[in-house]
Amino acid sequence: AVGAERVIAQARAALADPSALDAELERRYDATALAFLRYWFLPRTQRELLALLLAIETVPQPAVRAFLEIAFSSIIITKSGGVSLARDLAHSRPHRVAKTPKDAIEQFAARLGKNLALLGALPDGGPPPRICRADARALPFADESIDLVVTSPPYANAIDYMRAHKFSLVWLGESPGELARLRRRYI
């Protein structure tokens, strides 16, 4: 929790220099990514999200950083509200709407608080969770080492996961062009 407070404080402090954040946006993202981000996010929100990313990137522990990136992503991909100008990202083709997005740092702090509370509610004594980022076709687990898998199966042809997740993946450094190529290969 202390690390989370530090990340939030760092992000708030970075907002004191909007021109530095604007310059970092230009340096970090190519023209295609910038066009996407500028279309879907107000300038204020762009700065808030970048300030959060910069603070998250300072966290030295990979698992903690991944946890923070999940919280970051969850404030972007929401059914309603959220920090983008898109309406109902999770369930329909996004439509750009005139609205005042919520403050990204406040949303991140609230989401992080909920996630940390849920982690704290886990029973003690069990095996620690293992968070990994991998292709589901080649997970980094030994054969016959898993007893149970619980999933939320994809809603085939009902939800375009890549379209929704693109909103946070671009922020996390994925190329819009590469995401489009990957989308064509999805099963």
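The values are calculated or read from the model by the stated rules, or taken from the named source; none is laboratory data. These numbers were taken from a predicted model, which means no experiment stands behind them. We place every Cβ from the backbone using ideal geometry, glycine too, and count neighbours over all the protein chains shown. Surface accessibility is based on the protein's heavy atoms, side chains included, excluding ligands, DNA and RNA. Shrake-Rupley method; radii C 1.70, N 1.55, O 1.52, S 1.80 Å.
Things worth noting here:
- Length available on full extension from LYS114 to LYS99: 0.36 nm per residue minus the Cα-Cα distance, which gives 2.9 nm.
- Listed options for Rg and Dmax of the Cα atoms in Å are (1) 18.4, 64; (2) 17.6, 53; (3) 22.5, 75. The value calculated from this structure is the one marked (2).
- Packing-based ranking, highest mean first, of 164-170, 5-11, 139-145 given that Cβ atoms within 10 Å are counted: 164-170, 5-11, 139-145
- Solvent-accessible area per residue, Å², over the chain with all protein chains present [probe radius 1.4 Å]: 63
- Close amide H partners of THR78, meaning residues 5 or more places away or on another chain with modelled amide H under 5 Å apart, are LEU89, ALA90.
- Förster-model FRET efficiency, 41 Å R0, ALA134 and SER19, C-beta, rounded to 0.05: 0.60
- Phi-based couplings in Hz for region 44-59 (Karplus 6.51, -1.76, 1.60; Gly and Pro marked x): 4, 5, 4, 5, 4, 5, 5, 4, 4, 4, 4, 5, 4, 5, 7, 6
- Length added when fully stretched, GLN61-ALA180, from 0.36 nm per residue minus Cα-Cα: 39.8 nm
- When the solvent-accessible area of region 1-131 is split by element, carbon and sulfur atoms take up 59 percent of it, the probe being 1.4 Å.
- Ordering 35-41, 118-124, 107-113, 47-53 by mean Cβ neighbour count within 10 Å, with the highest value first, yields 47-53, 107-113, 35-41, 118-124.
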